[in-house]
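Asker: Have a look at this one before I ask anything.
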Amino acid sequence: MIQIQNLKKSFGDNEVLKDINLNIAPQEVVVVIGPSGSGKSTLLRCINLLESITDGHIHIEGKDITDKKNNINKMRQEVGMVFQHFNLFPHKTVIENLMMAPTKVRKVSPEVARNKGLELLKKVGLEEKANAYPSSLSGGQKQRVAIARALAMEPKIMLFDEPTSALDPEVVGEVLEVMKQLAKEGMTMVVVTHEMGFAREVGDRVIFMDGGYVVEANVPKELFENPQHERTQAFLSKIL
Amino acid sequence: MDFRFDIIAEYAPFLLKGTLLTIGLSIAGILIGTVLGLLIGLGKMMKNKLLAFPFTLYITFFRGTPLFVQILLVHFGVVPLFLGETNAIYAAIIALSLNSAAYIAEIFRAGIESIDKGQMEAARSLGMTHVQAMWNVILPQAFKRMIPPLGNEFIVLIKESSLAAVITAPEIMYWGRAMAGQYYKVWEPYLTAALIYLVLTISLSFLLNRLERRLKTE
C-alpha cells in the first residue's frame, strides 16, 4: 500500500530523516514510536507531502507521489490526516467541517455530503454536535470530529500525528476507541503516538525511530518484551 | 466674531453634492483598493522572491510617497497619458485606489499570516488546492481579524479624499475652499467641512463596530 524507499528529509543543514525504508501493507496498522526529535512526525508528514521530500521515493498504491507528474491534491484525497492540534475550521460548524472537502474537492452534492457527514458523526458518537461550532467542543470531541472530517473524503489510508498528545488524560480513551474501531474495520493506518497501550493492543507492527532512522520494527509483543536494539531498550525502559 | 450661518445655508446644496462625491470617491477607493490590495498582498506572499519583488516595490512606492504627490502624478501625468485629457474625478479615484491598495495589501498579508498554519495543512491534507484552501478556510478567518485595521484604513481614505480638492474634483473641501474664497471667511467653510467629515467617519466606525460584533458572535 505504501512503499517508502531511501527517504531523506532535511530542514536546511539539519537532516531529520536519514534513509528510511518501510513497506506498509493494506489494512495494516503501523504504530511509530520514538523520542521527540526522532523524525516520526516528519515521516508522517512526508507521506502526505505536507513536507517536501529531499531525496528518495514514496509510492502509494504503486504511484510515486514524489513524481511531479502525479497530482498531489488527487493523492491527498486518498490519505486522511489527523493532527495533534485538531486543526478544525473554527469558522464552520461541525457538519460544515465534514462537508467542506467532499463538496469542494469531490463535488459531491451538499445533501449527500450532509448525510454522509451525519453518518460519520454518529460513528464517532457526536451526532448531536452537528450544528455546534468547534470552539464549544472538548478536546476529545474535537479530535473525534477531526477523524470524521478526514473519513468524509473516504481515504484508503489514515495518518495520525500524535492524536492524543494535546488531550486531557480523561478524554484520551474516547479518541483511541474511535481509532480502534477504525482499525477493526480494516483501515490502513500509520499512527505516531506515545500511547503504548494502544500500540500493543491495536498495532500490527511497531516501529521505533531514533535520530532519523528506523531503529527497530517488529510485532508489538516482540518489540516491547524483547527489544533487540540498545536504543530501543533504553527508550522503553524510560517510558514503560 | 460674527458667524455667518447664511453663507453656510447658501452653500448647503453644493456641500451636499460635495459630500455625495466624497462618499463616492471613498467607496470607489475602498472597493478597488480592497480588490487590488488582496491581489498585491497575495503577490507579495509568493514564495518565489523574484515574482514577489514587483509587489514589494509597489507597496514601498505607494506607502513611501505622499498621497498628494501621487494625486498630482495621476492627474497631470497618468490620466492624460491614457485619455488624452485629464479628468479630476477619475484621477482622484485612481490615486486613492492605488494608494489604499498598498496599505490594504499589508493588512491582508498580516491577516493571512496570523492564521495558524495548521489550518492550511488540514485543508491541503483533505485534498483541497492552495486556492480552495485560501478561499474557503484562510480568508474567511483572516477577514474577521482584518476588520479593525481595514476600518482604520477606510477612515483614513475618507479624510484623504479631501486632497482631491486641489485637482478640482468637486468634493467637500473643493466647495469649502470656494466658499472661503468668495467670502474671505475661515471658520464657516472649514468648520462645516470638518463637521461633515466627522459625521462620515463616525458613521463608518459605527457600522464597522456592528459588523465586528456580529461576526464575533457567529
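Asker: Select from region A:97-112 the residues that are at the interface with another protein chain (Cβ under 9 Å from one of its Cβ atoms) and among the hydrophobic types (A, V, I, L, M, F, W, C) and list them in ascending order.
Answerer: Result: A:MET100, A:ALA101, A:VAL105.
Asker: Would a scan of region A:191-214 turn up a residue that is modelled with pLDDT of 90 or more, charged (D, E, K, R) and in a strand (DSSP E or B)?
Answerer: Yes, the conditions are met somewhere in region A:191-214.
Asker: Further question: If a residue has to be over 24 Å from A:ILE58 (Cβ atoms) and either touching a residue at least 40 places away in the same chain (Cβ under 8 Å) or within 11 Å of another protein chain (Cβ to nearest Cβ) (or both) to count, how many in region A:153-178 make the cut?
Answerer: So the count comes out to 4.
Asker: Got a number for residues in region B:193-215 being over 17 Å from the mean Cα position of the chain (by Cα) and among the polar types (S, T, N, Q)?
Answerer: Of the residues in region B:193-215, 1 are over 17 Å from the mean Cα position of the chain (by Cα) and among the polar types (S, T, N, Q).
Asker: I need a count of the residues in region A:215-228 that are touching a residue at least 40 places away in the same chain (Cβ under 8 Å) and either of a type outside the set (A, V, I, L, M, F, W, C) or not in a strand (DSSP E or B) (or both).
Answerer: Within region A:215-228, residues that are touching a residue at least 40 places away in the same chain (Cβ under 8 Å) and either of a type outside the set (A, V, I, L, M, F, W, C) or not in a strand (DSSP E or B) (or both) number 1.
Asker: Hey, another quick one. Check whether at least one residue in region A:85-96 is within 30 Å of A:ASN21 (Cα to Cα), crowded, with 21+ Cβ neighbours inside 10 Å, touching a strand residue (DSSP E or B) at 6+ places or on another chain (Cβ under 8 Å) and not polar (S, T, N, Q), and report yes or no.
Answerer: No, the conditions are met nowhere in region A:85-96.
Asker: Would you please name the residue that is farthest from the chain's Cα centre (by Cα), looking only at residues in region A:53-95 that are charged (D, E, K, R) and within 14 Å of chain B (Cβ to nearest Cβ)?
Answerer: A:LYS92
Asker: Sort through A:LEU44, A:LEU7 and tell me the only one that's under 14 Å from B:SER125 (Cα atoms) and in contact with a strand residue (DSSP E or B) (Cβ under 6 Å, 6 or more places away or on another chain).
Answerer: Within the list A:LEU44, A:LEU7, the selection yields A:LEU44.
Asker: Which of the numbered conditions does B:GLN132 fail, given that it passes all the others? Conditions: (1) within 28 Å of B:ASN152 (Cα to Cα); (2) of a type outside the set (Val, Ile, Thr); (3) within 14 Å of chain A (Cβ to nearest Cβ).
Answerer: Condition (1) is where B:GLN132 drops out.
Asker: Taking the criterion of being free of Cβ contacts under 8 Å to residues at least 40 places away in the same chain, among the hydrophobic types (A, V, I, L, M, F, W, C) and out of contact with any Leu (no Cβ under 9 Å at 6 or more places or on another chain), would at least one residue in region A:113-125 satisfy it?
Answerer: No, region A:113-125 contains no residue that is free of Cβ contacts under 8 Å to residues at least 40 places away in the same chain, among the hydrophobic types (A, V, I, L, M, F, W, C) and out of contact with any Leu (no Cβ under 9 Å at 6 or more places or on another chain).
Asker: Please list, ordered by first then second residue, the pairs with beta carbon atoms under 7 Å, 6 or more apart or interchain, first in region B:98-109 and more than 9 Å from B:THR34 (Cα to Cα), second polar (S, T, N, Q).
Answerer: B:LEU98/B:GLN70; B:ASN99/B:GLN70
Asker: Could we say that A:LEU137 is more than 13 Å from chain B (Cβ to nearest Cβ), farther than 26 Å from A:ILE2 by Cβ and aliphatic (A, V, I, L, M) here?
Answerer: Considered against the rule, which asks whether it is more than 13 Å from chain B (Cβ to nearest Cβ), farther than 26 Å from A:ILE2 by Cβ and aliphatic (A, V, I, L, M), A:LEU137 comes out as yes.
Asker: Same structure again: What tally of residues in region B:130-156 results from selecting those that are buried (at least 16 other Cβ atoms within 10 Å of the Cβ) and over 20 Å from B:GLU212 (Cβ atoms)?
Answerer: Residues in region B:130-156 being buried (at least 16 other Cβ atoms within 10 Å of the Cβ) and over 20 Å from B:GLU212 (Cβ atoms): 5 in total.
Asker: Residue under question is B:MET120, and the condition is that it be modelled with pLDDT of 95 or more, surrounded by fewer than 23 Cβ atoms within 10 Å (Cβ to Cβ) and closer than 16 Å to B:MET45 by Cβ; does it hold?
Answerer: yes
Asker: So A:ASN131 clears everything in (1) within 12 Å of chain B (Cβ to nearest Cβ); (2) in a loop (DSSP other than H, G, I, E, B); (3) under 21 Å from A:THR103 (Cβ atoms) except one condition, right? Which one?
Answerer: Evaluating A:ASN131 over (1) within 12 Å of chain B (Cβ to nearest Cβ); (2) in a loop (DSSP other than H, G, I, E, B); (3) under 21 Å from A:THR103 (Cβ atoms) leaves (1) as the failure.
Asker: Taking into account only those residues within region A:1-41 that are hydrophobic (A, V, I, L, M, F, W, C) and more than 25 Å from A:ALA234 (Cα to Cα), which is surrounded by the most Cβ atoms within 10 Å (Cβ to Cβ)?
Answerer: A:LEU7
Asker: From (1) within 14 Å of chain B (Cβ to nearest Cβ); (2) in contact with a helix residue (DSSP H, G or I) (Cβ under 8 Å, 6 or more places away or on another chain); (3) closer than 26 Å to A:VAL175 by Cα; (4) of a type in the set (Val, Ile, Thr), pick out the condition that doesn't hold for A:ILE47.
Answerer: The failed condition is (2).
The values are calculated or read from the model by the stated rules, or taken from the named source; none is laboratory data. Remember, predicted model here, so these are calculated numbers, not experimental data. A quick note on method: Cβ atoms are made from the backbone with ideal geometry, for glycine too, and the neighbour counts reach across all protein chains shown.
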